[in-house]
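Enquirer: I'd like to ask you about the structure that follows.
No lab work stands behind these numbers, since they all come straight from the coordinates. Here the structure is a predicted model, which is why all the values come from computation and not from measurement. Heads up, the Cβs are rebuilt from the backbone with ideal geometry, glycines too, and the neighbour counts pull from every protein chain shown.
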Amino acid sequence: MEKKDNIIKLRAHHLLCLQGYQGYGYSEKFKENLEKKLNILKNNNTKVILTNSPDDFCEKCPNLKENICIKNSKSLNESLKNNDKIVKMDSAILKKTKLEKNKEYSYAKLIKIVNNVFSNKKDLKYICKDCSWANKCLWYTSREI
């Protein structure tokens with residue numbers, strides 16, 4: 001997919017994560033990239049294209065190797081399983097919200113949609129259950145039980 005300058009490519013599960021972000025990160029470069037792009041999204045109501053693959057926020061992540069998230073993986077097989085789990089999270093969000101991959105949306109509209117669809121922790125059982133940030137995530141902890 002060709003990237004347009006004024007459009008941010010965004011993984012579907014990042015619609016949740018970005019709302020709870022507090023500055024914890026994997027590296028300074030990752031954190032700087034994330035905060036720069038998050039400010040663009042919040043301040044300019046930038047258009048986004050949803051995806052279930054590495055996005056513009058992932059580009060500086062130290063866990064991204066050869067377009068695969070290898071977080072805490074010790075082998076290629078473990079990396080592929082971890083990456084598959086993340087793709088399934090993205091796909092579950094797309095399915096539950098009825099949003100389409102590779103379609104352009106306004107960021108503000110997407111936030112309204114995900115916040116309406118995922119209003120409580122029960123709705124997030126599959127998506128956030130293994131997330132290491134869940135207990136620190138302001139968005140997740142704000143959801144009703």
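Enquirer: Rounded to the nearest 20 Debye, what is the dipole magnitude of the chain about its Cα centre when Lys and Arg each give +1 and Asp and Glu each give -1 at the C-beta?
Expert: 400
Enquirer: Ok, one more. Is the shape of region 97-145 rounded, prolate or oblate, going by the alpha carbon gyration tensor and its root eigenvalues a ≥ b ≥ c, with a/c under 1.5 for rounded and a/b larger than b/c for prolate?
Expert: Here region 97-145 falls in the prolate category.
Enquirer: Mind listing the phi-derived Karplus ³J(HN,Hα) values for region 132-145, rounded to whole Hz, using 6.51, -1.76 and 1.60 with θ = phi - 60°, and x for any glycine or proline?
Expert: Per residue, the Karplus-derived 3J(HN,Hα) values read 6, 9, 3, 6, 9, 6, 4, 5, 4, 5, 7, 5, 5, 6 Hz.
Enquirer: Applying the Karplus parametrisation 6.51 cos²θ - 1.76 cosθ + 1.60 with θ = phi - 60° to the phi angles of region 90-104, what ³J(HN,Hα) value in whole Hz is obtained for each residue in order, glycine and proline being reported as x?
Expert: Listing the rounded values in order: 4, 5, 5, 5, 4, 5, 5, 8, 6, 8, 10, 5, 6, 9, 8 Hz.
Enquirer: May I pose another question? Within region 8-24, list the residues whose amide N lies under 18 Å from a label point set 7 Å along Cα→Cβ of Ala108.
Expert: Answer for this model: 8, 19.
Enquirer: Here's something else I'd like to know. Figure the gain on full extension for Val117 and Glu28 (residue separation times 0.36 nm, minus the Cα-Cα span) and round it to one decimal in nm.
Expert: 28.8 nm
Enquirer: Scan around His13 for amide H atoms under 5 Å from its own, H built in the peptide plane at 1.01 Å from N, and keep only partners 5 or more places away or cross-chain.
Expert: Asp90
Enquirer: Go from 0 up to the bin containing the longest alpha carbon distance in the chain, width 10 Å each, and give me the % of pairs per bin.
Expert: Going from the shortest bin to the longest, the percentages are 11, 42, 39, 7, 0.
Enquirer: Applying the Karplus parametrisation 6.51 cos²θ - 1.76 cosθ + 1.60 with θ = phi - 60° to the phi angles of region 53-68, what ³J(HN,Hα) value in whole Hz is obtained for each residue in order, glycine and proline being reported as x?
Expert: 9, x, 10, 5, 7, 6, 4, 9, 6, x, 8, 8, 10, 6, 6, 10
Enquirer: Aspartates and glutamates within cross-link reach of Lys47: Cα-Cα under 16 Å, excluding same-chain residues under 8 positions apart?
Expert: Of all the aspartates and glutamates, those that pass the test against Lys47 - Cα under 16 Å, at least 8 places apart if same chain - are Glu2, Asp5, Asp55, Asp56, Glu100, Glu104.
Enquirer: Using 7 Å Cα-to-Cβ label points, what is the Tyr126/Lys85 separation (nm, one decimal)?
Expert: 1.6
Enquirer: Per residue of the chain, what 222 nm ellipticity follows from adding -39500 (n - 2.57) for every DSSP H run with n ≥ 4, rounded to the nearest 500?
Expert: -14000 deg cm²/dmol
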